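Here the structure is laid out as structure tokens; the discussion comes afterwards.
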Amino acid sequence: MPRVGVLALQGDVREHVAALERLGAEVVTVRACDQLEGLDGLVLPGGESTTIAHLLNTSGMRVVLEEKLRDGLSVFGTCAGLILLSREVLDGRADQWSFGLLDVAVRRNGYGRQIASFETPIDVEGVGTVPGVFIRAPKIETWSSDVEVLASLDHGDGMHPVLVRQDNAWGCSFHPELTSDASVHRLFVDSL
Ligand code: GLN
């Protein structure tokens, strides 16, 4: 089974670990550079993108991870993790940086604030319907033709992708780790 890391600097780490373990993956919680070695894939969890970005800098992991991602390490970002993988962050902090592997522009909190959190069924290509939990979720506002759209949602302002893939990078606006349905994680794990 693949060895999958979960970046464990901040955010809902435990839920991702549980989902991956349910699928039989060997899971490593990644808090330092050396734990990035020997991974088949890495999950960037939901949480607060500015905090995770800050901790990636101060831990020295940003540079090491950047190189691994450029070399093709598979990565799956959910919510804040999606923000970290995007080319452009709208409504970000002035100093907010991202890895830029997904050719999308995401708006932070684009689906509304905490109080506007919601759950809705999402049709995922090749998988079927999964529960989509949106909590201060980033909205993919623009995306290039290099981006494969695996699921979309019309939340009242037209269709926007909510699960995307480009080469080794996967991004998801919602939180598949917060439900008992592991099919989105399975999609990622099966690709490793
Ligand atoms: N809005 C958060 C951010 O900008 C992401 C929210 C989440 O991961 N649930 O990082």
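The values are calculated or read from the model by the stated rules, or taken from the named source; none is laboratory data. Note that the structure is predicted; figures quoted are calculated from it, not measured. In this analysis, Cβ positions are derived from the backbone assuming ideal geometry, glycine residues included, and neighbour counts consider all displayed protein chains.
Residues that are among the β-branched types (Val, Ile, Thr) and within 16 Å of the ligand (Cβ to nearest atom) within region 1-24 comprise Val6, Val13, listed in sequence order. Looking across region 145-192, the residues that are within 21 Å of Glu66 (Cβ to Cβ), more than 12 Å from the chain's Cα centre (by Cα) and free of Cβ contacts under 8 Å to residues at least 60 places away in the same chain come down to Asp146, Val147. The number of residues in region 123-163 that are away from the ligand (no atom under 16 Å from the Cβ) and not small (Gly, Ala, Ser) comes to 17.
In summary, Gly110 fulfils each of the numbered conditions (1) surrounded by 13 or more Cβ atoms within 10 Å (Cβ to Cβ); (2) touching a helix residue (DSSP H, G or I) at 6+ places or on another chain (Cβ under 8 Å) with the single exception of condition (2).
Counting only residues that are assigned to a helix (DSSP H, G or I), over 22 Å from Val133 (Cβ atoms) and acidic (Asp, Glu), how many does region 1-35 have? Write out each step before concluding.
The first filter runs over region 1-35 and keeps only residues assigned to a helix (DSSP H, G or I), leaving 13-22, 33-35.
Narrowing the set further to residues that are over 22 Å from Val133 (Cβ atoms) leaves 33-35.
The next check asks that each one be acidic (Asp, Glu); those that pass are 34.
Of the residues in that region, 1 qualify.
In the set (1) at negative phi; (2) surrounded by fewer than 16 Cβ atoms within 10 Å (Cβ to Cβ); (3) modelled with pLDDT under 95, the condition left unmet by Gly126 is number (1). For beta carbons closer than 6 Å, sequence separation of 6+ or different chains, a first residue in region 44-58 that is in contact (Cβ under 8 Å) with a residue 60 or more places away in the chain and a second that is hydroxyl-bearing (Ser, Thr, Tyr) and within 10 Å of the ligand (Cβ to nearest atom), the qualifying pairs are Gly46/Thr78.
Consider region 61-97. How many of its residues are of a type outside the set (A, V, I, L, M, F, W, C), over 15 Å from the mean Cα position of the chain (by Cα) and over 25 Å from Pro2 (Cα atoms)? Don't jump to the end; show me each part of the working.
Start the filter on region 61-97 by keeping residues that are of a type outside the set (A, V, I, L, M, F, W, C), which leaves 62, 66-68, 70-72, 74, 77-78, 81, 86-88, 91-93, 95-96.
From what is left, the residues that are over 15 Å from the mean Cα position of the chain (by Cα) are 62, 66-68, 70-72, 91-93, 95-96.
With the extra rule that they be over 25 Å from Pro2 (Cα atoms), the set shrinks to 91-93, 95-96.
Within region 61-97, residues that are of a type outside the set (A, V, I, L, M, F, W, C), over 15 Å from the mean Cα position of the chain (by Cα) and over 25 Å from Pro2 (Cα atoms) number 5.
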